[in-house]
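K.L.:
The structure is given below, and queries will be raised subsequently.
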Amino acid sequence: MNFSSSVALKYQIYNSLFLNLPFQGIQATGTHLALFGQHCAENLQAGQTPVEIIESFWDDYYEKLEPEKRFDVLFQFIQYAERQVVLFDAIEESAFPQTHQLDGPGSVKHLLSRLDTPKLREKLLEKLSTYSVRLVLTAHPTQFYPGKVLGIINDLSKAIEIGKIEDIQLFLMQLGKTGFVNREKPTPLDEAISLGWFLENVFYNSLGNSVFELIKGLEREPHDFPFPQLLSLGFWPGGDRDGNPNVLAQTTLDVAAKLREGILRCYYRDSRDLKRRLTFRGVEEWITKIDQKIYATLYDPEAQTYSSCQELIADLLAAREILVSEHNGLFLDKLDLFILKVRIFGFFFASLDIRQDSRKHGEVWQIILKNLEANLPIFSLEQFNAWSEDQKIQFLLTNRMPVDENDFSDPFVKETLRSFRAVGQIQKQNGRQGCHRYIISNCGSALNVVEVLALAKLCFSSQIVENQEVPLDIVPLFETIDDLAEAHESMRKLYTIPQYAEHLRQRGQIQTIMLGYSDGSKDGGYLRSNWSIYRAKEALTKVSREFGVSVIFFDGRGGPPGRGGGNNASFYAALGTEIENREIHVTIQGQTISSTYGTESAAKFNIEKLFTAGLDNSLFKSRDGELSKKEKSLLDDLAEAAYQKYLDLKNDPDFVPYLEKMTPLKWYGETNIASRPTARNKTGGFKFADLRAIPFVGSWALMKQNVPGYFGVGAAIETLEKSGRGKEVKNLYRESLFFRTLLENSMQSLSKSNFEVTRYLEKHPDFGDFWKILNEEFERSNREILKISSQKSLLATNPTSGESIQLREEIVLPLIVIQQFALQKMQLEENFESEVYHKLVLRAMFGIINAARNSA
């Protein structure tokens with residue numbers, strides 16, 4: 001079934017239900033909104049400004065309405081349109097099995113069908129011994145739907161799937177009465193609980209079922225398959241401290257407890273199901289015992305409980321033995337699937353990561369060493385600060401000063417020390433995998449990593465003896481273009497430090513390195529950041545192999561292409577042998593969690609695509625996965641040309657003022673969608689360096705300019721064409737999956753752009769020339785990408801995505817015009833504090849962002 005019949009037609013049918021809902025004035029609002037949408041489209045093409053469009057519409061349809069009431073009409077349009085977006089989301093989710101080949105290329109089933117020789121099967125089993133995928137859920141502020149609306153979408157999509165009109169109408173009524181705006185910011189614990197719904201209702205089954213299907217397809221037994229955690233989960237809410245002062249050590253402990261409760265609830269649900277089926281002598285007694293002990297572990301700690309998942313697995317295996325030997329293995333698959341899930345998720349559900357900015361660790365050490373100086377006169381903090389990096393590293397790793405949080409008055413130092421100790425408490429309660437990674441954002445040197453290892457050694461000193469393993473993987477996060485270029489040298493220095501080398505030996509010679517797409521794009525532009533990360537991975541792989549270290553790359557990808565999003569699976573399929581692909585670790589953020597993994601079918605489909613993409617080059621050698629020396633040189637030149645174009649833009653004196661004065665950036669924090677502030681530094685004025693990547697990218701998306709997703713691409717291609725290398729670029733697109741994926745993801749950003757709505761800025765006295773620069777590169781990138789891809793229109797090779805984007809943009813065009821109307825009015829009237837304009841900008845954000853699915 002194609003997109004038009006499975007989604008577009010259904011939307012037209014069910015959209016008409018809104019008009020008949022028993023709400024005052026809804027029919028008039030819906031009818032006028034349709035006319036307004038047509039009015040916007042026609043008059044934007046005619047060159048009218050948002051102010052002219054809205055004021056002429058008021059004159060045509062609301063001539064006798066007093067001014068205050070006219071604004072009420074705009075707010076009613078916003079509320080109506082954002083609920084239309086919800087309906088569209090629900091219809092797309094319900095049609096997912098019809099619009100996607102669930103068992104097609106990229107699925108586990110398709111992978112198994114390609115294993116047509118025993119040698120290939122053995123090759124896959126060998127690869128699986130060191131390969132896995134970890135999806136890491138973050139609470140980054142990109143989810144504009146509140147949890148209650150996500151719940152309605154879930155229920156509405158199920159009603160649409162079975163075509164139950166009464167329920168559809170009922171859920172649309174509920175939607176009409178449900179608010180889209182949070183009155184208060186959520187706490188980190190609120191965020192964790194919200195994402196817990198996806199863990200329990202989507203990922204628990206989709207991950208378990210995919211791994212089970214693979215193991216059974218390989219004719220192995222799930223209950224004793226040696227590598228059960230082929231798919232696993234990570235979790236950042238409650239652990240991510242970077243720029244979020246609301247995350248405390250107690251928060252981390254509370255979230256870990258919630259994760260443990262969540263997985264035990266899932267196990268109890270499954271044990272109840274088993275109890276209904278395994279009603280056979282000998283087995284029934286074991287299942288009853290298991291059911292009671294899981295319940296007690298959850299709700300009655302005074303009764304007989306499970307202290308570890310190993311105890312639960314032992315009981316399940318005892319039941320299995322009787323089921324096989326005495327009852328012919330009846331319902332064995334149900335029991336084996338349960339055993340496999342316990343082996344995957346343990347008592348931790350998702351590994352809770354700790355993250356903090358490197359500069360914060362430096363501040364903590366300054367206070368600790370100042371305290372040391374006061375108690376040890378022979379030590380001088382001033383001398384320490386004058387030492388070389390090597391001297392500082394040796395001092396931090398060899399000094400064994402006792403550290404007690406009670407010795408410090410600084411609350412941040414206390415919290416930092418408590419955070420390290422919380423890791424040990426979580427590991428004791430949830431198991432070692434419950435919390436075993438510490439991520440250092442803004443990492444720029446070996447010293448940044450050593451500062452964390454030294455703190456860990458001091459904080460764990462009461463739990464471990466000298467030279468015993470520090471039970472923590474320390475993960476540097478390289479983000480800026482300069483840090484990415486020097487990352488391999490930082491790691492080389494680390495690998496040569498005896499104490500760090502010993503730490504790695506105790507951790508199995510495995511080093512996880514995180515690479516940040518979001519801040520990389522903000523720093524160096526779309527093409528440069530993606531290619532810099534590719535080059536960094538090559539260099540990091542080489543230096544790690546040189547020292548006998550297996551590197552795991554953890555990609556900090558966001559939702560939109562400007563933050564590393566888009567078709568991620570193709571990127572992993574495009575990695576050659578010079579980049580380690582032992583495991584795939586990738587962040588799944590906010591909006592992307594619900595839009596890409598919101599249902600079991602969608603989650604299973606997208607997880608399996610990611611999983612099989614990382615296996616492709618190991619099993620089936622493909623030209624797509626390798627870049628020749630000449631092709632890499634070509635990409636170097638393209639990236640450099642794009643970088644220079646982006647630097648010219650970023651260094652333009654109007655760049656930051658344009659973001660501050662002309663976009664909705666300043667209001668991002670008022671959306672109350674996350675516990676984390678929108679900037680790292682709240683003082684000292686508006687600074688580019690302090691901007692978070694999410695509001696930065698999101699603001700460009702709201703302006704329908706999407707600069708981070710393509711800016712510089714067109715200029716780079718044009719530069720090489722002018723130097724006579726246009727044919728080489730075209731061949732690169734045809735031959736390289738990596739480059740093809742880069743440009744096709746960029747097409748998404750271009751498809752969601754609409755410079756007509758901001759064309760009024762072309763004549764702005766301060767920012768007219770800057771707007772022209774943006775528009776020229778948009779048109780150039782559009783033109784050049786179509787030329788080298790030989791496509792007649794953007795996303796022509798992915799019509800489902802193209803049609804979805806087009807329909808979504810039509811639905812929210814009225815909101816886009818309303819928001820630009822308010823922004824334009826503020827400029828014209830120099831009334832930036834106007835409550836009504838302010839509120840229009842803020843309220844329109846939700847529908848615009850939600851419609852784009854991955855715009856922030």
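The values are calculated or read from the model by the stated rules, or taken from the named source; none is laboratory data. No experiment lies behind these values; they were computed from the predicted model shown. Every residue, glycine among them, receives a Cβ derived from its backbone with ideal geometry; neighbour counts consider all protein chains shown. What goes into the accessible areas is simple: the full protein's heavy atoms, side chains included, and nothing from ligands, DNA or RNA. Shrake-Rupley method; radii C 1.70, N 1.55, O 1.52, S 1.80 Å.
K.L.:
Within the stretch 511-534, identify whether any single residue is in a loop (DSSP other than H, G, I, E, B) and charged (D, E, K, R), and answer yes or no.
P.N.:
no
K.L.:
Right, next: Restricting to the stretch 54-83, name every residue that is among the aliphatic types (A, V, I, L, M) and within 11 Å of Leu815 (Cα to Cα).
P.N.:
Those that are among the aliphatic types (A, V, I, L, M) and within 11 Å of Leu815 (Cα to Cα): Leu74, Ile78, Ala81.
K.L.:
Still on this structure: Which of the residues that make up the stretch 39-54 are exposed (fewer than 13 other Cβ atoms within 10 Å of the Cβ) and outside any loop (DSSP other than H, G, I, E, B)?
P.N.:
Those that are exposed (fewer than 13 other Cβ atoms within 10 Å of the Cβ) and outside any loop (DSSP other than H, G, I, E, B): Glu42, Gln45.
K.L.:
Please tell me if Gln98 is assigned to a helix (DSSP H, G or I), at pLDDT 95 or above and on the phi < 0 side of the Ramachandran plot.
P.N.:
no
K.L.:
Does Asn745 qualify as being under 30 Å from Lys661 (Cα atoms), at pLDDT below 95, crowded, with 17+ Cβ neighbours inside 10 Å and not aliphatic (A, V, I, L, M)? Full working, then the answer.
P.N.:
Details: under 30 Å from Lys661 (Cα atoms): yes; at pLDDT below 95: yes; crowded, with 17+ Cβ neighbours inside 10 Å: yes; not aliphatic (A, V, I, L, M): yes.
Yes.
K.L.:
List the number of the failed condition for Asp103; all other conditions in (1) assigned to a helix (DSSP H, G or I); (2) touching a helix residue (DSSP H, G or I) at 6+ places or on another chain (Cβ under 9 Å) hold.
P.N.:
(1)
K.L.:
Let me ask something else. Give me the pairs, please: first residue somewhere in the stretch 341-359 and over 17 Å from Gln229 (Cα atoms) and among the hydroxyl-bearing types (Ser, Thr, Tyr), second residue anywhere and part of a helix (DSSP H, G or I) and at pLDDT 95 or above, beta-carbon distance under 8 Å, and either six or more positions apart or on two chains.
P.N.:
From the stretch 341-359, the pairs are Ser358/Asn448; Ser358/Glu451.
K.L.:
Go over the candidates Glu608, Glu583, Glu578, Glu631 one by one and state the one that is among the acidic types (Asp, Glu), open to solvent by less than 20 Å² (accessible area, probe 1.4 Å) and farther than 19 Å from Ser518 by Cβ.
P.N.:
Only one candidate qualifies: Glu608.
K.L.:
Suppose we filter Gln45, Gln27 for residues that are within 30 Å of Pro799 (Cβ to Cβ) and among the polar types (S, T, N, Q); which single one remains?
P.N.:
Gln45
K.L.:
Among (1) at pLDDT below 95; (2) surrounded by 17 or more Cβ atoms within 10 Å (Cβ to Cβ), where does Asn375 come up short?
P.N.:
(2)
K.L.:
Conditions: (1) in contact with a Gly (Cβ under 6 Å, 6 or more places away or on another chain); (2) farther than 29 Å from Leu33 by Cβ; (3) crowded, with 21+ Cβ neighbours inside 10 Å. Val812 meets all but one. Number of the miss?
P.N.:
Val812 satisfies every listed condition except (2).
K.L.:
Contact list please: Cβ distance under 8 Å, first residue in the stretch 177-188 and more than 16 Å from Gly669 (Cα to Cα), second residue assigned to a helix (DSSP H, G or I) and aliphatic (A, V, I, L, M), pairs at least six apart or on different chains.
P.N.:
Filtered contacts from the stretch 177-188: Thr178/Val149; Thr178/Ile152.
K.L.:
Please tell me if Gly714 is under 19 Å from Leu842 (Cβ atoms) and either small (Gly, Ala, Ser) or assigned to a loop (DSSP other than H, G, I, E, B) (or both).
P.N.:
no
K.L.:
Do we find a residue being open to solvent by 30 Å² or more (accessible area, probe 1.4 Å) and assigned to a helix (DSSP H, G or I) anywhere in the stretch 128-146?
P.N.:
If we filter the stretch 128-146 for residues that are open to solvent by 30 Å² or more (accessible area, probe 1.4 Å), which is where we start, we get 129-130, 143.
This time we only want the ones that are assigned to a helix (DSSP H, G or I), so: none.
Scanning the stretch 128-146 turns up no residue that is open to solvent by 30 Å² or more (accessible area, probe 1.4 Å) and assigned to a helix (DSSP H, G or I).
K.L.:
Would you say Thr117 is open to solvent by less than 70 Å² (accessible area, probe 1.4 Å), among the hydroxyl-bearing types (Ser, Thr, Tyr) and in contact (Cβ under 8 Å) with a residue 12 or more places away in the chain?
P.N.:
When the stated conditions are applied, Thr117 does not pass them.
K.L.:
Being over 24 Å from Leu175 (Cα atoms), at pLDDT 95 or above and open to solvent by less than 40 Å² (accessible area, probe 1.4 Å) narrows it down to one residue among Phe57, Phe3, Phe77, Phe36; which is it?
P.N.:
The conditions single out Phe57.
K.L.:
Of the residues that make up the stretch 472-490, is at least one in a loop (DSSP other than H, G, I, E, B) and open to solvent by less than 10 Å² (accessible area, probe 1.4 Å)?
P.N.:
Looking for residues that are in a loop (DSSP other than H, G, I, E, B) and open to solvent by less than 10 Å² (accessible area, probe 1.4 Å), one finds at least one in the stretch 472-490, hence yes.
K.L.:
Could I ask something else about it? Taking the stretch 685-708, which residues are on the phi > 0 side of the Ramachandran plot and free of Cβ contacts under 8 Å to residues at least 12 places away in the same chain?
P.N.:
Gly685, the sole residue that qualifies.
K.L.:
Hey, can you tell me all the residues within the stretch 535-576 that are closer than 19 Å to Ile785 by Cβ and not in a helix (DSSP H, G or I)?
P.N.:
Pro560, Gly564, Gly565, Gly566, Asn567, Ala574
K.L.:
Let me ask something additional. Filter the stretch 250-272 down to the residues that are open to solvent by 40 Å² or more (accessible area, probe 1.4 Å) and not hydrophobic (A, V, I, L, M, F, W, C), then identify the one that is nearest to the chain's Cα centre (by Cα).
P.N.:
Top of the filtered list is Lys258.
K.L.:
Hey, another quick one. Condition (residue is of a type in the set (A, V, I, L, M) and free of Cβ contacts under 8 Å to residues at least 12 places away in the same chain) applied to the stretch 724-745: is it met by at least one residue?
P.N.:
no
K.L.:
I'm trying to understand the selection: among the residues of the stretch 389-435, which are open to solvent by 80 Å² or more (accessible area, probe 1.4 Å) and within 28 Å of the chain's Cα centre (by Cα)?
P.N.:
If the condition is that a residue be open to solvent by 80 Å² or more (accessible area, probe 1.4 Å) and within 28 Å of the chain's Cα centre (by Cα), then Arg418, Gln425, Gln429, Arg432 are the ones that fit.
K.L.:
Let me ask something additional. Given (1) in contact (Cβ under 8 Å) with a residue 60 or more places away in the chain; (2) under 28 Å from Thr99 (Cβ atoms); (3) open to solvent by 30 Å² or more (accessible area, probe 1.4 Å); (4) not charged (D, E, K, R), identify the lone condition not met by Ile773.
P.N.:
(2)
K.L.:
Still on this structure, I have one more. Tell me, please, whether a residue that is touching an Asp or Glu at 6+ places or on another chain (Cβ under 6 Å) and either surrounded by fewer than 22 Cβ atoms within 10 Å (Cβ to Cβ) or part of a helix (DSSP H, G or I) (or both) can be found in the stretch 288-311.
P.N.:
Yes: one or more hits.
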